[in-house]
Amino acid sequence: MTDGLLCGWRIRSEIALPELLSWQGDDRPPDLTVCLGEVDEHLPGGREISPFIHIDTNGAGLLQVPMVGRFLVRPSGDITVAPHPEASETEIRLFLLGSVLGLVCHQRALLPLHASSVVIEGGAVAFCGHSGMGKSTLALRFARRGHAVVSDDVCVLDSGPPARVRPSFPRLKLWRDAIEDAALSSEGLERNRRGQEKYHFLEPEAGVRDPLPLRAIFLLRRPERGEAEGIERLSAPLDILAALEAETFRPQIGRALGTEKALFQARTLIANSVPVYQLRRPPDAPPERWLDAIAAIVRG
C-alpha cells in the first residue's frame, strides 16, 4: 500500500494513485483506505438515488459503473473496489478520484463543486460549468503560464469563514484538440476511457499541499442569443445561491445522506464572502483571450 495526500486526508491505497502527492504529514492513521475486494451488486437497506448510486440508512454509498466496477464507500473512510475484469487501471482511478471523492465529501458535509481550480495571486480560483464548457482547458492554459493546478472536476471547499479550497491533485482531463491547441502532444498520456479521445495531463511538480483561500468563482456559460461575450459579476444573492447549487457535484447524494442543510449553509457563506462571476464564451472560443482579464479581476 502507498500513502498519498488527498484534500488534506491521508489516503492508504492498494491501488496505485500516481495523481496524488505523497503523504508528508504526521503519523496519524489513514483517513481513507482503499482496498480491493468483493462488493455486492445491492446495498442492503439501500435506496437508489440514480441508476448508478445507492445510499443506505447508515450513510454508506454504492457506486456501480458498467464495465468499470463497483465501489463501496463507508462513512468510516473504508473504500472497497471490485474492478470489472476488462476495466483499465486508469478507469478505476478516474471514478475513485471523481465520483467516489464526491461521495466522500457529501458524507463529511464538505461542499464539492463541479469545477477545476488553479492558483492565482496566492489563492484558488475555480472554474465551474457543465461538461464541455472548457473548465479543464482554461485551467491548462493557466498551468502553462506557471499557475499550479489545485483540482479538476471535483473542487472540495471548506466554507470557513474564510472559504478555502482543499487541493486534490494536479491532473487535468483534456480532449485531444485542447492538448494540441496548447502546443502539447497526447503521445504517452493515459486515455481517460476506452475509445475516448480524452487524456490525463499530469504535472506532479506543480502540486499544492495546503488549503488555499478561495479568491473567486467563474461560471462558464454559453452566450444566449443576442448576448455578448464577457465577464460579469453576479450581485443578486439568490442568483448566486442558485448557481452554486447547480454547480454542486451530485447534490442528490447530499440530500440522501441528510447533509443538504450543511451544504446550503456552506453555499450561503461562500455567496456572502467570495466574488462570483459569469464568463460568457462559446465553448470552442480560444481560452487564451480571457486569461489576462481573469487574472486582473482576481488581483483587483
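Could you tell me whether CYS7 is under 22 Å from PRO170 (Cβ atoms), modelled with pLDDT of 95 or more and either exposed (fewer than 15 other Cβ atoms within 10 Å of the Cβ) or outside the structural domain of VAL156 (by TED's automatic domain parsing) (or both)? Against the criterion (under 22 Å from PRO170 (Cβ atoms), modelled with pLDDT of 95 or more and either exposed (fewer than 15 other Cβ atoms within 10 Å of the Cβ) or outside the structural domain of VAL156 (by TED's automatic domain parsing) (or both)), CYS7 qualifies. For region 268-295, residues that are of a type in the set (A, V, I, L, M, F, W, C), assigned to a helix (DSSP H, G or I) and either surrounded by 15 or more Cβ atoms within 10 Å (Cβ to Cβ) or not assigned by TED's automatic domain parsing to the domain that holds SER131 (or both) total 7.
With the structure loaded, tell me whether ARG233 is of a type outside the set (S, T, N, Q) and modelled with pLDDT of 90 or more or whether it fails that test. Answer is yes for this residue. Taking interchain pairs and intrachain pairs at least six residues apart, which have beta carbon atoms under 8 angstrom, with the first residue in region 238-267 and surrounded by fewer than 18 Cβ atoms within 10 Å (Cβ to Cβ) and the second of a type in the set (A, V, I, L, M, F, W, C) and in a loop (DSSP other than H, G, I, E, B)? Here the result reads ALA262/ALA109, each pair linking region 238-267 to a residue that is of a type in the set (A, V, I, L, M, F, W, C) and in a loop (DSSP other than H, G, I, E, B). The condition of being part of a strand (DSSP E or B), over 17 Å from ASP284 (Cβ atoms) and among the hydrophobic types (A, V, I, L, M, F, W, C) holds for only one of ALA143, ALA109, ALA126, that being ALA126. Only one of the numbered conditions (1) under 28 Å from ARG299 (Cβ atoms); (2) out of contact with any His (no Cβ under 8 Å at 6 or more places or on another chain) is not met by PHE71, and that is (1).
Would a scan of region 17-25 turn up a residue that is surrounded by fewer than 15 Cβ atoms within 10 Å (Cβ to Cβ) and part of a strand (DSSP E or B)? Yes: one or more hits.
Can you give me the number of residues within region 45-76 that are surrounded by 15 or more Cβ atoms within 10 Å (Cβ to Cβ), of a type outside the set (Phe, Trp, Tyr) and closer than 30 Å to TYR199 by Cβ? Here the count works out to 11. Filtering SER235, SER273 for residues that are out of contact with any Lys or Arg (no Cβ under 9 Å at 6 or more places or on another chain), in contact (Cβ under 8 Å) with a residue 60 or more places away in the chain and of a type in the set (S, T, N, Q) leaves a single hit, SER273. Considering region 165-223, the residues that are part of a loop (DSSP other than H, G, I, E, B), under 20 Å from LEU110 (Cβ atoms) and among the hydrophobic types (A, V, I, L, M, F, W, C) include one that is nearest to the chain's Cα centre (by Cα), namely PHE169.
The values are calculated or read from the model by the stated rules, or taken from the named source; none is laboratory data. As the structure is a prediction and not an experimental result, all values here were calculated from the model. FYI the Cβ positions are ideal-geometry reconstructions off the backbone, even for glycines, and counts take in every protein chain you see.
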